[in-house]
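Notes to accompany the following structure.
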Amino acid sequence: MAVSRTERNDKLERSDESLIEAHLKGDATAFATLVERYRNDLHGFLTRFLGSSAAADDVFQETFLQVHLSGGTFDTERTFKPWLFTIAANKARDFHRKRKRRATASLQAPVGKNPDGAMLIDMIESTQARPDAPSEVADQQAIVKGVLDGLPVHHREIILMGYFQRMSYQQIADALTIPLGTVKSRLHAAVALFSAQWRRARGDSAGDLGEV
């Protein structure tokens, strides 16, 4: 039977927490609604984190498989998004570790090139970019991607959560299971490192990034 527009709107307006609760109670459509709701947001985060859209596809699926398997452990009094991103970040870190082991084991692994690398399609808003022409925009996007890819994982993930996902300090703390003070100090260090590497890559004195 076809689903009416009103029913579709009702599903879209339901909270994440009510959807996961409905899924646990046997609602066959609730989980699919959650997956679609986070398809762009979470997949974009994973693509930036992993540097590969194909890898993001795999980790996205693994993340929601874990949500399905561990749904019973979720406290519906809490917010779903930080819990989801905790799982995604853990899966992405696992992927990085496995990829490093494979690269170390293979003498034929390509050096300095990721054939699946996906270009970042947006810039951190507070960088002082001057997009005078499409080619300049592409060049600056390439620099941003290179700088992000070169950061240590714990710095890269916190910048992605804070600047690209616009998560609050508390949401990041929940997602990474670290104290709030650690979030602030780690984000400050990550932004300082990014800013220094950004200036070095551009060969100029571009200003530092602001705080989230």
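The values are calculated or read from the model by the stated rules, or taken from the named source; none is laboratory data. Because the structure is predicted, anything quoted here is derived from the model rather than measured. Positions of Cβ are generated from backbone atoms using ideal geometry, with glycine treated the same way; all protein chains shown enter the neighbour counts.
The residue that is modelled with the highest pLDDT, among those in segment 20-34 that are surrounded by fewer than 17 Cβ atoms within 10 Å (Cβ to Cβ) and assigned to a helix (DSSP H, G or I), is 32.
Does residue 206 count as in a loop (DSSP other than H, G, I, E, B), at pLDDT below 85, farther than 25 Å from residue 43 by Cα and of a type in the set (A, V, I, L, M)? So residue 206 fits the description; yes. Note on segment 39-58: residues that are within 11 Å of the chain's Cα centre (by Cα) and either part of a helix (DSSP H, G or I) or over 14 Å from residue 149 (Cβ atoms) (or both) total 12. Is it fair to say residue 156 is among the charged types (D, E, K, R), at pLDDT 85 or above and either in the same structural domain as residue 52 (by TED's automatic domain parsing) or crowded, with 21+ Cβ neighbours inside 10 Å (or both)? When the stated conditions are applied, residue 156 passes them. Here are some residues: 190, 129, 142. Which one is at pLDDT below 80, surrounded by 12 or more Cβ atoms within 10 Å (Cβ to Cβ), among the small types (Gly, Ala, Ser) and not in a loop (DSSP other than H, G, I, E, B)? From the options 190, 129, 142, the qualifying one is 142.
Residue 85 falls short on exactly one of the conditions (1) aromatic (Phe, Trp, Tyr); (2) surrounded by fewer than 20 Cβ atoms within 10 Å (Cβ to Cβ); (3) within 25 Å of residue 163 (Cβ to Cβ), and that condition is (2).
Look at segment 175-191: where a residue is within 22 Å of residue 83 (Cβ to Cβ) and a partner is outside any helix (DSSP H, G or I), sitting 6+ places away or on another chain with Cβ atoms under 8 Å, you get 175/167; 186/178; 187/211; 187/212.
Taken over segment 71-94, the criterion of being of a type in the set (S, T, N, Q) and out of contact with any helix residue (DSSP H, G or I) (no Cβ under 8 Å at 6 or more places or on another chain) is satisfied by 73, 90.
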